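Throughout, read-outs are computed from the coordinates displayed, never taken from laboratory work. No experiment lies behind these values; they were computed from the predicted model shown. Cβ placement follows ideal geometry from the backbone for every residue including glycine, while neighbour counts extend to all protein chains displayed.
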Amino acid sequence: MENLIIEETKYTPQIEMNAKEGNIKIVGKSYPENTFEFYEPVMKWLEVYFNGNAKKQTILNLEIIYFNSSSSKLFFDLFDLLEEFNSKNLIMINWTYDEENESALEAGEDFKEDFENLTINLIVK
Amino acid sequence: MTNHENKLITEIEALKLDFETTTNKLIKDVRRQDKIMARSDKRQQLEYDELQNKLEEVKNLQKEIEDTQKEVVFTMGAIGESRSKETGNHVKRVAQYSKILALHYGLDERESEMLKQASPMHDIGKVAIPDSVLNKPGRFNEEERKVMDTHAQLGYDMLKMSDRPLLKMAATVAYEHHEKWNGKGYPNKLKGEEIHIYGRITALADVFDALGSSRVYKEAWDDERIFKMFKEERGEHFDPTLIDIFFDNLEEFLAVRDSLKDIN
């Protein structure tokens, strides 16, 4: 399975999805004009990955320093998808936030609260 | 009959279950949406507050820069004047007269205000004139006069390298404030409107104030004598339009002179 790499832009994060290592990294800002369009390849990649290509353990490192409201919605959708595959896969999510970034911390807490079955670690930078 | 009834019930039961799953999902989605919105509102508020604070900071910094610039420019002018034993108020009065002339001439408020700030630097070149010449009591001989007159060029040379609009303006003022409308001034014997309006304005403002002030080598002229001279020099030393503006708005100039008297 191909890796998915999307370079960082002013409005979008750096994305690295490595199928061989089971490593997924999304780091940076997220406020694209069309959020769902931008993340479409990410969601598609995950579907393909979890349908028969997943490693024993998959680690997601998410560090979003700034995001718009549709990105919040997108992350909820993303976690929905992870939850769907959680029972058959070992998934670990590291949500990293800066100490001073209250919005990022609150978002992390919201995800933890909403997705009790997922392993979400809040990591302060 | 019984079987038929049972089948319907089963279907309805299935529908009920499906309905519940769907409504639960909808409720969950709506809750999520509300949460996202609330978080987003809060974030937006913080962002906007921060933006405004930053903007305020920038504005204060900008004001600080402008004030510093004004002060530096004014101090430079005062240094120029102090070298020739004139008072700080001379500089202030020339500044005010220049603005009044500029506004009535038709320059806009911003440019007139700039000229008010730049005109005090007209004599900055005097810092490079030797004391023996600058403060000589009595009349200059020809050689001394030549040295003294270089202060226009010297002032221009000091300021011309700057890219700052205010200092550029001051360079022009320093360079051309001894040019005369009839072409008999210095350093370049410019004539009429060849002389920049900044130079023409400062020339009049400077002379009006110098004549009305007493110096080591001369008494202050009375107004009658100044006005007579101004009328004679209309179209000779001075731009006729500016002389007309001066007499049409005399009370404004006299009010400035009164409010900024020299304390001896």
(message) With θ taken as phi - 60° and the coefficients 6.51, -1.76 and 1.60, list the Karplus ³J(HN,Hα) couplings across region B:150-159 in order, rounded to whole Hz; mark glycine and proline as x.
(response) 5, 5, 5, 4, 4, x, 4, 4, 5, 9
(request) Could you work out the mean count of beta carbons from other protein chains within 10 Å of each residue's beta carbon in B:28-35? (result) 3
(message) Check which residues have an amide H placed less than 5 Å from B:E236's amide H, if you skip close sequence neighbours.
(response) none
(message) Per DSSP helix of 4 or more residues, -39500 (n - 2.57); summed, then divided by the residues of chain A. What does that give at 222 nm, rounded to the nearest 500?
(response) -12500 deg cm²/dmol
(request) Within region B:114-218, report the trypsin sites (Lys or Arg not before Pro) that DSSP leaves as loop and that have at most 13 other Cβ atoms within 10 Å. (result) B:R139, B:K184, B:K189
(request) Taking amide H positions as placed in the peptide plane 1.01 Å from N, state which residues far from A:T58 in sequence (5 or more) or on other chains have amide H under 5 Å from it. (result) A:L90, A:I91, A:M92
(request) Using Cα positions and a limit of under 23 Å, work out the lysines in reach of A:K29, with same-chain residues fewer than 8 apart set aside. (result) A:K10, A:K44, A:K73, A:K112, A:K125, B:K35, B:K42, B:K54
(request) Could you state, as a whole-number percent, how many of the C-alpha pairs of chain B are farther apart than 34 Å? (result) 39 percent
(request) Return an integer: the convex hull volume of the alpha-carbon atoms of chain A, in Å³ per residue. (result) 93 Å³
(message) Per residue of region A:23-32, what does 6.51 cos²θ - 1.76 cosθ + 1.60 with θ = phi - 60° give for ³J(HN,Hα)? Whole Hz please, x for Gly and Pro, Karplus curve as stated.
(response) 10, 10, 10, 10, 10, x, 9, 9, 9, x
(request) Enter the mean projected area of the convex hull around the alpha-carbon atoms of the protein assembly as shown, in nm², rounded to one decimal. (result) 35.2 nm²
(message) Rounded to the nearest angstrom and ordered from largest down, what semi-axes does the equivalent ellipsoid of region B:115-184 get from its C-alpha gyration tensor (root of 5λ)?
(response) 23, 14, 10
(request) Would you mind checking the pairs B:K63/B:K160; B:K168/B:K189; B:K191/B:K228; B:K70/B:K116 and listing those with alpha carbons more than 19 angstrom apart? (result) B:K63/B:K160; B:K168/B:K189; B:K191/B:K228
(message) Please list, in order along region B:115-127, the HN-Hα scalar couplings obtained from phi with the Karplus expression 6.51 cos²θ - 1.76 cosθ + 1.60 (θ = phi - 60°), rounded to whole Hz, x for Gly and Pro.
(response) 5, 4, 7, 7, 4, x, 8, 4, 9, 4, x, 5, 4
(request) Pick out, in residue order, every one of the GluC sites (Glu not before Pro) in region A:1-56 that is DSSP loop and has at most 16 other C-beta atoms within 10 Å; say none if there are none. (result) A:E2, A:E7, A:E8, A:E21, A:E33
(message) Check which residues have an amide H placed less than 5 Å from A:T119's amide H, if you skip close sequence neighbours.
(response) A:I93
